[in-house]
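**Student:** After the C-alpha coordinates below, expect a handful of questions from me.
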Amino acid sequence: MWFTCNFSSNTHYREICQNKMKLIILDHYSQASEWAAKYIRNRIIQFNPGPDKYFTLGLPTGSTPLGCYKKLIEYYRNGDLSFQYVKTFNMDEYVGLPRDHPESYHSFMWNNFFKHIDIRPENTHILDGNAADLQAECDAFEEKIQAAGGVELFVGGIGPDGHIAFNEPGSSLVSRTRVKTLAMDTILANARFFDGDLAKVPTMALTVGVGTVMDAREVMILITGAHKAFALYKAIEEGVSHMWTVSAFQQHPRTVFVCDEDATLELKVKTVKYFKVFVDVCRVTSEL
(Lines give C-alpha, C1' and ligand atoms only; values in the text may rest on other atoms or scores of the structure.)
Protein backbone atom coordinates (compact mmCIF):
# COMPACT_ATOMS: atom_id res chain seq x y z
CA MET A 1 0.00 0.00 0.00
CA TRP A 2 1.58 3.25 -1.10
CA PHE A 3 -0.78 5.69 0.58
CA THR A 4 -3.37 5.68 3.34
CA CYS A 5 -5.31 8.46 4.97
CA ASN A 6 -8.69 9.28 6.40
CA PHE A 7 -10.57 12.01 4.52
CA SER A 8 -13.23 13.82 6.50
CA SER A 9 -14.78 14.97 3.25
CA ASN A 10 -13.88 13.20 0.01
CA THR A 11 -16.19 14.92 -2.50
CA HIS A 12 -13.30 16.89 -4.00
CA TYR A 13 -11.13 13.80 -4.34
CA ARG A 14 -13.97 11.84 -5.93
CA GLU A 15 -14.32 14.55 -8.55
CA ILE A 16 -10.58 14.41 -9.28
CA CYS A 17 -10.59 10.61 -9.53
CA GLN A 18 -13.59 10.56 -11.85
CA ASN A 19 -12.18 13.08 -14.31
CA LYS A 20 -8.56 12.07 -14.65
CA MET A 21 -6.63 9.48 -16.61
CA LYS A 22 -5.82 6.46 -14.46
CA LEU A 23 -3.09 3.87 -14.83
CA ILE A 24 -3.84 0.67 -12.91
CA ILE A 25 -0.76 -1.52 -12.44
CA LEU A 26 -1.16 -5.15 -11.36
CA ASP A 27 1.56 -7.74 -10.85
CA HIS A 28 0.51 -10.23 -13.51
CA TYR A 29 -1.77 -10.67 -16.54
CA SER A 30 -4.28 -12.71 -14.53
CA GLN A 31 -4.62 -9.95 -11.94
CA ALA A 32 -5.02 -7.29 -14.63
CA SER A 33 -7.72 -9.40 -16.28
CA GLU A 34 -9.58 -9.87 -13.01
CA TRP A 35 -9.36 -6.16 -12.17
CA ALA A 36 -10.78 -5.23 -15.58
CA ALA A 37 -13.60 -7.78 -15.27
CA LYS A 38 -14.53 -6.52 -11.80
CA TYR A 39 -14.56 -2.96 -13.09
CA ILE A 40 -16.91 -3.89 -15.94
CA ARG A 41 -19.12 -5.89 -13.56
CA ASN A 42 -19.33 -3.03 -11.08
CA ARG A 43 -20.10 -0.45 -13.78
CA ILE A 44 -22.96 -2.59 -15.11
CA ILE A 45 -24.39 -3.23 -11.63
CA GLN A 46 -24.13 0.45 -10.64
CA PHE A 47 -25.85 1.45 -13.88
CA ASN A 48 -28.78 -0.81 -12.93
CA PRO A 49 -29.86 -1.63 -16.50
CA GLY A 50 -33.41 -2.67 -17.35
CA PRO A 51 -35.84 -3.07 -20.28
CA ASP A 52 -35.88 0.69 -20.89
CA LYS A 53 -32.29 1.38 -19.88
CA TYR A 54 -29.59 -0.75 -21.49
CA PHE A 55 -25.91 -0.60 -20.56
CA THR A 56 -23.89 -0.19 -23.77
CA LEU A 57 -20.46 -1.80 -23.81
CA GLY A 58 -17.76 -1.58 -26.48
CA LEU A 59 -15.59 -4.69 -26.80
CA PRO A 60 -12.32 -5.82 -28.40
CA THR A 61 -11.00 -9.12 -29.73
CA GLY A 62 -7.51 -10.57 -29.43
CA SER A 63 -5.58 -12.48 -26.80
CA THR A 64 -5.40 -9.66 -24.24
CA PRO A 65 -9.13 -9.53 -23.29
CA LEU A 66 -9.52 -13.33 -23.06
CA GLY A 67 -8.73 -13.42 -19.34
CA CYS A 68 -11.23 -10.63 -18.70
CA TYR A 69 -13.93 -12.47 -20.67
CA LYS A 70 -13.30 -15.66 -18.70
CA LYS A 71 -13.82 -13.80 -15.42
CA LEU A 72 -17.02 -12.15 -16.70
CA ILE A 73 -18.33 -15.59 -17.68
CA GLU A 74 -17.49 -16.78 -14.17
CA TYR A 75 -19.43 -13.88 -12.63
CA TYR A 76 -22.43 -14.75 -14.79
CA ARG A 77 -22.30 -18.44 -13.87
CA ASN A 78 -22.04 -17.56 -10.18
CA GLY A 79 -25.14 -15.37 -10.43
CA ASP A 80 -23.18 -12.17 -9.80
CA LEU A 81 -23.84 -10.54 -13.17
CA SER A 82 -26.41 -10.59 -15.96
CA PHE A 83 -26.04 -9.36 -19.53
CA GLN A 84 -29.77 -9.50 -20.26
CA TYR A 85 -29.96 -5.72 -20.53
CA VAL A 86 -26.53 -5.08 -22.03
CA LYS A 87 -25.86 -4.07 -25.64
CA THR A 88 -22.41 -4.59 -27.12
CA PHE A 89 -20.55 -3.06 -30.04
CA ASN A 90 -17.37 -4.71 -31.25
CA MET A 91 -14.43 -2.74 -32.56
CA ASP A 92 -13.69 -4.40 -35.88
CA GLU A 93 -14.04 -7.27 -38.35
CA TYR A 94 -12.13 -8.54 -41.36
CA VAL A 95 -13.46 -7.89 -44.86
CA GLY A 96 -14.31 -10.96 -46.93
CA LEU A 97 -13.92 -13.56 -44.19
CA PRO A 98 -17.06 -15.71 -43.70
CA ARG A 99 -18.80 -15.17 -40.35
CA ASP A 100 -18.27 -18.80 -39.41
CA HIS A 101 -14.57 -18.77 -40.28
CA PRO A 102 -12.62 -19.68 -37.11
CA GLU A 103 -10.55 -16.47 -37.39
CA SER A 104 -13.47 -14.08 -37.94
CA TYR A 105 -14.11 -11.77 -35.03
CA HIS A 106 -17.74 -12.88 -35.08
CA SER A 107 -16.57 -16.44 -34.33
CA PHE A 108 -14.10 -15.18 -31.74
CA MET A 109 -16.73 -13.30 -29.76
CA TRP A 110 -19.32 -16.07 -29.83
CA ASN A 111 -16.88 -18.86 -29.04
CA ASN A 112 -15.03 -17.02 -26.29
CA PHE A 113 -17.75 -14.90 -24.70
CA PHE A 114 -21.28 -14.43 -25.99
CA LYS A 115 -22.43 -18.06 -26.07
CA HIS A 116 -21.39 -18.46 -22.43
CA ILE A 117 -23.54 -15.62 -21.03
CA ASP A 118 -27.19 -14.56 -21.16
CA ILE A 119 -26.83 -11.74 -23.68
CA ARG A 120 -29.49 -11.67 -26.41
CA PRO A 121 -28.09 -12.16 -29.93
CA GLU A 122 -29.96 -9.09 -31.20
CA ASN A 123 -28.10 -6.97 -28.64
CA THR A 124 -24.66 -7.92 -29.96
CA HIS A 125 -23.35 -5.77 -32.79
CA ILE A 126 -20.40 -6.86 -34.92
CA LEU A 127 -19.53 -5.23 -38.22
CA ASP A 128 -20.38 -7.31 -41.30
CA GLY A 129 -17.25 -7.66 -43.42
CA ASN A 130 -19.30 -9.28 -46.19
CA ALA A 131 -21.85 -6.49 -46.58
CA ALA A 132 -22.67 -5.51 -50.17
CA ASP A 133 -21.90 -1.86 -49.37
CA LEU A 134 -19.09 -1.72 -46.83
CA GLN A 135 -19.19 2.02 -46.21
CA ALA A 136 -22.97 1.88 -45.71
CA GLU A 137 -22.36 -0.88 -43.15
CA CYS A 138 -19.91 1.39 -41.33
CA ASP A 139 -22.32 4.34 -41.39
CA ALA A 140 -25.14 2.14 -40.09
CA PHE A 141 -22.89 0.94 -37.24
CA GLU A 142 -22.33 4.54 -36.12
CA GLU A 143 -26.08 5.14 -36.29
CA LYS A 144 -26.77 2.07 -34.15
CA ILE A 145 -24.37 3.34 -31.51
CA GLN A 146 -26.15 6.68 -31.45
CA ALA A 147 -29.57 5.01 -31.33
CA ALA A 148 -28.39 3.03 -28.29
CA GLY A 149 -27.57 6.29 -26.51
CA GLY A 150 -23.82 6.06 -27.04
CA VAL A 151 -21.34 3.73 -25.40
CA GLU A 152 -21.07 3.83 -21.60
CA LEU A 153 -17.75 1.97 -21.44
CA PHE A 154 -15.54 1.13 -24.40
CA VAL A 155 -12.95 -1.55 -23.65
CA GLY A 156 -9.97 -1.85 -25.98
CA GLY A 157 -6.61 -3.47 -26.41
CA ILE A 158 -3.60 -2.30 -28.39
CA GLY A 159 -0.86 -3.67 -30.59
CA PRO A 160 2.88 -3.19 -30.00
CA ASP A 161 2.75 -0.19 -32.36
CA GLY A 162 0.04 1.44 -30.23
CA HIS A 163 -2.85 0.84 -32.63
CA ILE A 164 -6.34 0.44 -31.19
CA ALA A 165 -8.87 -1.55 -33.23
CA PHE A 166 -7.46 -1.27 -36.78
CA ASN A 167 -6.47 2.38 -36.32
CA GLU A 168 -2.86 1.82 -37.29
CA PRO A 169 -0.06 4.41 -37.19
CA GLY A 170 -1.01 7.45 -39.23
CA SER A 171 -4.76 7.10 -38.68
CA SER A 172 -6.77 10.22 -38.01
CA LEU A 173 -7.44 10.80 -34.33
CA VAL A 174 -10.98 11.99 -35.17
CA SER A 175 -11.74 9.06 -37.50
CA ARG A 176 -15.10 7.29 -37.56
CA THR A 177 -16.09 3.72 -38.43
CA ARG A 178 -14.75 2.99 -41.89
CA VAL A 179 -13.19 0.55 -44.37
CA LYS A 180 -9.46 0.20 -43.75
CA THR A 181 -6.66 -1.27 -45.85
CA LEU A 182 -4.32 -3.03 -43.44
CA ALA A 183 -0.64 -2.19 -43.17
CA MET A 184 1.86 -4.85 -44.23
CA ASP A 185 3.13 -5.10 -40.64
CA THR A 186 -0.39 -6.02 -39.52
CA ILE A 187 -0.81 -8.57 -42.31
CA LEU A 188 2.53 -10.18 -41.43
CA ALA A 189 1.64 -10.26 -37.73
CA ASN A 190 -1.74 -11.87 -38.48
CA ALA A 191 -0.24 -14.58 -40.70
CA ARG A 192 0.24 -16.80 -37.63
CA PHE A 193 -3.55 -17.13 -37.42
CA PHE A 194 -3.75 -18.32 -41.04
CA ASP A 195 -1.17 -21.13 -41.06
CA GLY A 196 1.56 -18.65 -41.92
CA ASP A 197 0.13 -18.25 -45.42
CA LEU A 198 0.07 -14.56 -46.38
CA ALA A 199 -2.31 -15.33 -49.25
CA LYS A 200 -4.98 -16.30 -46.71
CA VAL A 201 -4.64 -13.20 -44.53
CA PRO A 202 -7.33 -10.54 -45.08
CA THR A 203 -5.90 -7.27 -46.35
CA MET A 204 -8.89 -5.10 -45.42
CA ALA A 205 -11.06 -4.64 -42.36
CA LEU A 206 -13.95 -2.60 -41.01
CA THR A 207 -13.03 -0.71 -37.87
CA VAL A 208 -14.42 1.83 -35.47
CA GLY A 209 -12.48 5.08 -35.57
CA VAL A 210 -10.49 6.72 -32.82
CA GLY A 211 -13.20 9.37 -32.67
CA THR A 212 -15.85 6.67 -32.31
CA VAL A 213 -14.13 5.32 -29.20
CA MET A 214 -13.43 8.82 -27.87
CA ASP A 215 -17.18 9.50 -27.89
CA ALA A 216 -17.72 6.85 -25.19
CA ARG A 217 -18.42 8.14 -21.71
CA GLU A 218 -15.53 6.06 -20.39
CA VAL A 219 -12.67 4.15 -22.00
CA MET A 220 -10.69 1.24 -20.52
CA ILE A 221 -7.59 0.05 -22.37
CA LEU A 222 -5.89 -3.25 -21.52
CA ILE A 223 -2.11 -3.37 -22.03
CA THR A 224 -0.10 -6.38 -20.88
CA GLY A 225 3.30 -7.86 -21.63
CA ALA A 226 6.79 -6.47 -22.12
CA HIS A 227 6.28 -6.40 -25.90
CA LYS A 228 3.77 -3.57 -25.40
CA ALA A 229 5.85 -1.59 -22.89
CA PHE A 230 7.05 0.96 -25.45
CA ALA A 231 3.48 1.54 -26.63
CA LEU A 232 2.38 2.21 -23.03
CA TYR A 233 5.28 4.64 -22.67
CA LYS A 234 4.11 6.46 -25.80
CA ALA A 235 0.52 6.45 -24.52
CA ILE A 236 1.34 7.83 -21.06
CA GLU A 237 4.58 9.81 -21.07
CA GLU A 238 4.76 11.40 -24.51
CA GLY A 239 2.43 13.70 -26.40
CA VAL A 240 -0.59 12.89 -28.52
CA SER A 241 0.43 11.59 -31.95
CA HIS A 242 -1.40 9.95 -34.83
CA MET A 243 1.59 7.63 -35.15
CA TRP A 244 0.61 6.14 -31.78
CA THR A 245 -3.18 6.24 -31.91
CA VAL A 246 -3.59 5.01 -28.32
CA SER A 247 -2.04 8.31 -27.20
CA ALA A 248 -5.29 10.08 -28.17
CA PHE A 249 -6.89 8.81 -24.99
CA GLN A 250 -4.77 11.18 -22.93
CA GLN A 251 -7.41 13.70 -23.98
CA HIS A 252 -10.41 11.67 -22.85
CA PRO A 253 -11.79 12.82 -19.46
CA ARG A 254 -12.27 9.25 -18.23
CA THR A 255 -9.61 6.85 -19.47
CA VAL A 256 -8.45 3.85 -17.44
CA PHE A 257 -5.30 2.05 -18.59
CA VAL A 258 -5.05 -1.42 -16.99
CA CYS A 259 -1.67 -3.12 -17.25
CA ASP A 260 0.68 -5.63 -15.68
CA GLU A 261 4.17 -4.87 -14.34
CA ASP A 262 5.82 -6.13 -17.54
CA ALA A 263 4.04 -3.45 -19.56
CA THR A 264 5.52 -0.69 -17.38
CA LEU A 265 9.17 -1.52 -18.13
CA GLU A 266 9.66 1.56 -20.34
CA LEU A 267 7.99 3.99 -17.91
CA LYS A 268 9.95 6.23 -15.56
CA VAL A 269 10.04 5.05 -11.94
CA LYS A 270 8.42 8.30 -10.81
CA THR A 271 5.56 7.77 -13.29
CA VAL A 272 4.82 4.32 -11.90
CA LYS A 273 5.04 5.59 -8.32
CA TYR A 274 2.78 8.56 -9.08
CA PHE A 275 -0.01 6.40 -10.47
CA LYS A 276 0.26 3.83 -7.69
CA VAL A 277 -0.16 6.60 -5.10
CA PHE A 278 -3.00 8.15 -7.09
CA VAL A 279 -4.84 4.83 -7.30
CA ASP A 280 -4.62 4.47 -3.52
CA VAL A 281 -6.17 7.94 -3.09
CA CYS A 282 -9.03 6.90 -5.35
CA ARG A 283 -9.41 3.61 -3.48
CA VAL A 284 -9.76 5.50 -0.19
CA THR A 285 -12.54 7.57 -1.72
CA SER A 286 -14.25 4.43 -3.10
CA GLU A 287 -13.85 5.48 -6.73
CA LEU A 288 -12.14 2.24 -7.83
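The values are calculated or read from the model by the stated rules, or taken from the named source; none is laboratory data. This one's a predicted model, so the numbers in the text were calculated from it and none came from an experiment. Here the Cβ is made from the backbone with ideal geometry for all residues, glycine too, and neighbour counts use every protein chain on show.
**Student:** Suppose we filter the range 156-186 for residues that are in contact with a Leu (Cβ under 6 Å, 6 or more places away or on another chain) and closer than 25 Å to Tyr39 by Cβ; how many remain?
**Tutor:** First, pick out the residues of the range 156-186 that are in contact with a Leu (Cβ under 6 Å, 6 or more places away or on another chain): 157, 179.
Still in the running and closer than 25 Å to Tyr39 by Cβ: 157.
Here the count works out to 1.
**Student:** Check every one of the strands (runs of 3 or more DSSP E) wholly within the range 161-246 and list those with 3 or more residues that are in contact with a Phe, Trp or Tyr (Cβ under 9 Å, 6 or more places away or on another chain) and at pLDDT 95 or above. Steps first, answer last, please.
**Tutor:** Working: elements: 178-181, 204-207, 218-223.
Strands (runs of 3 or more DSSP E) meeting the threshold: 204-207, 218-223.
**Student:** Next up: Could you say which residue among Ala226, Ala263, Ala183, Ala248 is touching a Gly at 6+ places or on another chain (Cβ under 7 Å), of a type outside the set (S, T, N, Q) and touching a residue at least 12 places away in the same chain (Cβ under 8 Å)? Walk me through how you get there before you give the answer.
**Tutor:** Details: Ala226 fails: touching a Gly at 6+ places or on another chain (Cβ under 7 Å); Ala183 fails: touching a Gly at 6+ places or on another chain (Cβ under 7 Å); Ala248 fails: touching a Gly at 6+ places or on another chain (Cβ under 7 Å).
When all the criteria are applied, what remains is Ala263.
**Student:** Mind listing whichever residues of the range 251-270 are in a helix (DSSP H, G or I), polar (S, T, N, Q) and either at pLDDT below 95 or surrounded by 16 or more Cβ atoms within 10 Å (Cβ to Cβ) (or both)? Reasoning before the result, please.
**Tutor:** Just the residues of the range 251-270 that are in a helix (DSSP H, G or I), to begin with: 251, 261-264, 269-270.
Adding the requirement that they be polar (S, T, N, Q) leaves 251, 264.
The answer is Thr264, and nothing else.
**Student:** Being at pLDDT 95 or above and in a helix (DSSP H, G or I) is the requirement here; does Ile25 meet it?
**Tutor:** Numbers: at pLDDT 95 or above: yes; in a helix (DSSP H, G or I): no.
It is false that Ile25 is at pLDDT 95 or above and in a helix (DSSP H, G or I).
**Student:** Going residue by residue through the range 50-65, is there one that turns out to be β-branched (Val, Ile, Thr) and over 17 Å from Ser107 (Cα atoms)? Walk me through how you get there before you give the answer.
**Tutor:** Taking the range 50-65 and keeping what is β-branched (Val, Ile, Thr), we get 56, 61, 64.
Of the ones still in play, those that are also over 17 Å from Ser107 (Cα atoms) are 56.
Yes, because at least one residue in the range 50-65 is β-branched (Val, Ile, Thr) and over 17 Å from Ser107 (Cα atoms).
Rundown of residues vs (1) modelled with pLDDT of 95 or more; (2) touching a helix residue (DSSP H, G or I) at 6+ places or on another chain (Cβ under 6 Å), yes/no style:
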residue: Met21; (1), (2): no, no
residue: Asp52; (1), (2): yes, no
residue: Phe55; (1), (2): yes, yes
residue: Thr61; (1), (2): yes, yes
residue: Lys70; (1), (2): yes, no
residue: Thr88; (1), (2): yes, no
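**Student:** Give the range 48-85 a look and list any residue that's of a type in the set (Val, Ile, Thr) and within 20 Å of Asn123 (Cα to Cα), or say none.
**Tutor:** Taking the range 48-85 as the starting set, the residues that turn out to be of a type in the set (Val, Ile, Thr) are 56, 61, 64, 73.
Scanning the range 48-85 gives Thr56, Thr61, Ile73.
**Student:** Let me ask something else about it. What's the total number of residues in the range 215-237 that are touching a helix residue (DSSP H, G or I) at 6+ places or on another chain (Cβ under 7 Å) and among the hydroxyl-bearing types (Ser, Thr, Tyr)?
**Tutor:** 1
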